[in-house]
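Here is the structure we will look at, set down as structure tokens.
The values are calculated or read from the model by the stated rules, or taken from the named source; none is laboratory data. Owing to the predicted nature of the structure, the values given are computational and were not obtained by experimental measurement. Here the Cβ is made from the backbone with ideal geometry for all residues, glycine too, and neighbour counts use every protein chain on show. SASA here: full protein model, heavy atoms, side chains in, ligands and nucleic acids out. Shrake-Rupley method; radii C 1.70, N 1.55, O 1.52, S 1.80 Å.
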Amino acid sequence: MIPPYEGLFAEMCLWKGAALDAQHIDATTYYSKASSLLLSALGTYINNSDYSGNSPYWLPCATTPGHYRTFWDNTQPYPAETVAALIYDYTNNQTNTLLKHFSAESPNKYLLKPSTIGMARFEDNTFDPGSADGETRGKCLFSLGSKGYYISKFRPAGSTVRVYPYQDDVHIYIYRATQYHMMLAEALNHLQRFKAMNAVLNSGVKTADYSDTDPEWEGFTKNWTSSADWGTRKYPSMGIRGALGLNARPVKTSIIELGKDSTIRYNDEAILDETMLEFACEGKVYPAMNRMAMRYNDLSIVADRVCPKYEGTGKESSVRSKIMAGGNWVPYTLGIGKW
């Protein structure tokens, strides 16, 4: 349940890097630290031969599509994906009260509904290359109920475990392995290790590409590939998208076309768009948007992704105006008086 050091520190390094980038101050040290922390943590399982067979841990691979639903509807968090998670046990009077927001089943309030544009992104080959009707993540995210579509990611569809949805023993991931891979891709992008970034995000680390003498692959091992230290690895790295059978998301692997700064930003926005699909409704997407917006001093990064939800409602322009005026942060009052 406790967020691990490497996850928290790596994420803080990404935020610190973004803050320095916004001031045009070299942040290499922070991105290097994030990369090192994440690769070391992932390597704990990836480099362990005990996990080379039917239960690969912390590595998007051929088992991912068949187990993606299991991330969410198991009674316990899925071990091969779990870094840290909050769990609930209704028999001990522990209830995840968030569930009351997600559907119209009594006594739920149906306060949070999937947007039309949000659902469409999982079938949009421009936003989600290679996707189609029934994209694995989309199927897990929403279901059709008696009063329309609802967010079903956090409970089994048609669950009969309890009488009411809010009684289900669901769990919330604080960090999961795929999140470590996504943060790693961001750090690698800012270190201009574009080949490794592309592998983590898209198609996986291939035997033919990996070299332990190439600085591009510092911190990786050949155990990510099919040619592991212990022999042939049954389930090698396939990348976040590759593991789901999706086409590669376009990224730049050279600064020649756009120059360094524009190349890094192009890749950052690609990573952000993938974050929107992979972590939809997990509370991880909006912070990532705000980090990108801070890094580039450009709130349109947030507005361009949020405002389409309000098309046809008459609210799109006002929402965009508020975001562009700095309304991307909720102005919480944390206390009165001196601290």
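Pairs with C-alpha atoms separated by more than 21 Å, drawn from the list Lys222/Lys284; Lys16/Lys252; Lys100/Lys153; Lys109/Lys153; Lys195/Lys260, are Lys222/Lys284; Lys16/Lys252. Label-to-label distance, Lys206 versus Tyr5, with points set 7 angstrom from Cα along the beta-carbon direction: 3.8 nm. Counting protein heavy atoms only, the stretch 184-314 has 48 percent of its accessible area on carbon and sulfur, 1.4 angstrom probe. A simple charge model with +1 on the Cβ of Lys and Arg, -1 on the Cβ of Asp and Glu and nothing else charged puts the dipole of the chain at about 800 debye relative to its Cα centre. If R0 is 45 Å, the Cβ-Cβ spacing of Thr221 and Ala120 corresponds to a FRET efficiency of close to 0.70. The mean sequence distance of close C-alpha pairs (under 8 Å, at least 6 residues apart), as a share of the length of the stretch 9-163, puts its relative contact order at 14 percent. For the stretch 108-119, 3J(HN,Hα) computed residue by residue from phi via the Karplus equation (6.51, -1.76, 1.60; θ = phi - 60°) reads 5, 9, 6, 7, 10, 10, x, 7, 4, 5, x, 5 Hz, glycine and proline entered as x. The helix-based estimate of mean residue ellipticity at 222 nm for the chain, built from -39,500 (n - 2.57) per DSSP H run of four or more residues and divided by its residue count, is -10500 deg cm²/dmol to the nearest 500. Mean projected area of the convex hull spanned by the Cα atoms of the chain, taken over all viewing directions: 20.1 nm². Mean projection of the Cα convex hull over all viewing directions, computed for the stretch 32-99: 6.6 nm². When you restrict to C-alpha pairs under 8 Å that are six or more residues apart and normalise by the size of the stretch 130-248, the relative contact order lands at 20 percent. Here is the size of the stretch 269-324 from its Cα atoms: Rg then Dmax, 11.4, 31 Å.
Across the chain, the relative contact order, built from alpha-carbon pairs under 8 Å that are at least six residues apart, equals 20 percent.
Amide H contacts for Ala228 (H built 1.01 Å from N in the peptide plane; partners 5 or more residues away or on another chain; cut-off under 5 Å): Arg233. Shown in residue order for the stretch 273-289 are the 3J(HN,Hα) couplings computed by the Karplus curve 6.51 cos²θ - 1.76 cosθ + 1.60 at θ = phi - 60°: 4, 5, 4, 4, 7, 5, 10, 3, 6, 9, x, 10, 6, 5, x, 5, 4 Hz (x for Gly and Pro).
In order along the stretch 263-271, phi translates into HN-Hα couplings of 5, 5, 5, 3, 5, 4, 5, 5, 5 Hz, rounded to whole numbers, per the Karplus curve 6.51 cos²θ - 1.76 cosθ + 1.60 with θ = phi - 60° and x for Gly and Pro.
Counting every C-alpha pair in the stretch 18-139, the share spaced more than 18 angstrom apart comes to 73%. Surface exposure of the chain, expressed per residue as accessible area with a 1.4 Å probe, stands at 49 Å².
Think of the chain as a dipole: +1 on every Lys or Arg Cβ, -1 on every Asp or Glu Cβ, centred on the Cα centre; then among Leu144, Tyr68, Ile87, Leu144 lies furthest on the positive end. Summarising the amide proton neighbourhood of Gly145: residues at separation of 5 or more, or on other chains, whose placed amide H is nearer than 5 Å comprise Tyr150. Spread over its residues, the convex hull of the C-alpha atoms of the stretch 199-333 is 178 Å³ per residue.
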